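Presented below is the structure to which this report refers.
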Amino acid sequence: MQKKELRYIENLLLSRKNILLQEFEERLRKYRDSSSEKLTDIAEIASSSSNEMLEIAVAEEDSRELKQIEDALERIKAGHYGACEQCGEMIKKARLKAIPFATLCVSCKEEEERVYDGKTAQARYEREDIVNRPENNEADETGKKYTRKKITELEYDDHRN
């Protein structure tokens with residue numbers, strides 16, 4: 001990659017890093033302002049809690065992106081930016097311009113996703129297999145019988161009182 005292109009990518013990364021840091025500071029300021037307010041209505045409390053959970057999720061994603069950006073900047077300084085961490089081949093410029101912190105070429109990324117999807121599907125299959133085992137169904141039936149017996153006892157006690 002030419003020096004001019006590297007400077008362009010570095011500027012993209014630095015620009016995005018600054019945006020993320022500004023958004024973080026804004027979120028922190030809003031959090032400090034909102035934590036000083038007293039919430040009195042249940043709906044306000046629920047809404048506030050929901051908003052906080054969403055903000056935390058966004059902050060976590062931004063934190064991951066910030067780490068990826070910092071790692072990419074380190075790769076630029078070290079002189080090995082743009083090399084695929086999996087196969088060692090150079091990542092295409094179009095990919096790096098679209099995702100400047102990419103660490104894998106397209107084919108290695110696709111392979112990673114296939115493996116990940118395969119593991120996810122396998123884990124889902126194993127969970128279903130465990131749930132559908134006969135011994136689990138028997139335990140489930142025993143639990144249902146116990147629950148029905150307890151409900152019947154409670155109903156009987158209610159009628160007696």
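Fewest-first ordering of M1, M53 by other beta carbons within 10 Å of each residue's beta carbon gives M53, M1.
Provide the net charge surrounding K4, with neighbours chosen by a C-beta distance below 14 Å and charges set as Lys +1, Arg +1, Asp -1, Glu -1. Working shown, then result.
Numbers: positive: K3, R7, K93, K97; negative: E5, E10.
Summing Lys/Arg as +1 and Asp/Glu as -1 gives +2.
Residues K3, K92, ranked from the fewest to the most other C-beta atoms within 10 Å, line up as K3, K92.
Between amide H atoms placed 1.01 Å from N, distances below 5 Å from A83 occur with I91, all of them 5 or more places distant or on a separate chain. Ordered by the number of other Cβ atoms lying within 10 Å of each residue's own Cβ, fewest first, K97, K109 fall into the sequence K97, K109.
Just so you know, all these numbers are worked out from the coordinates, no wet-lab data involved. Since the model is a prediction, treat every value here as computed from it, not as a measurement. When we count neighbours, we look across all protein chains shown, and the Cβ atoms used for this are built from the backbone with ideal geometry, even at glycine.
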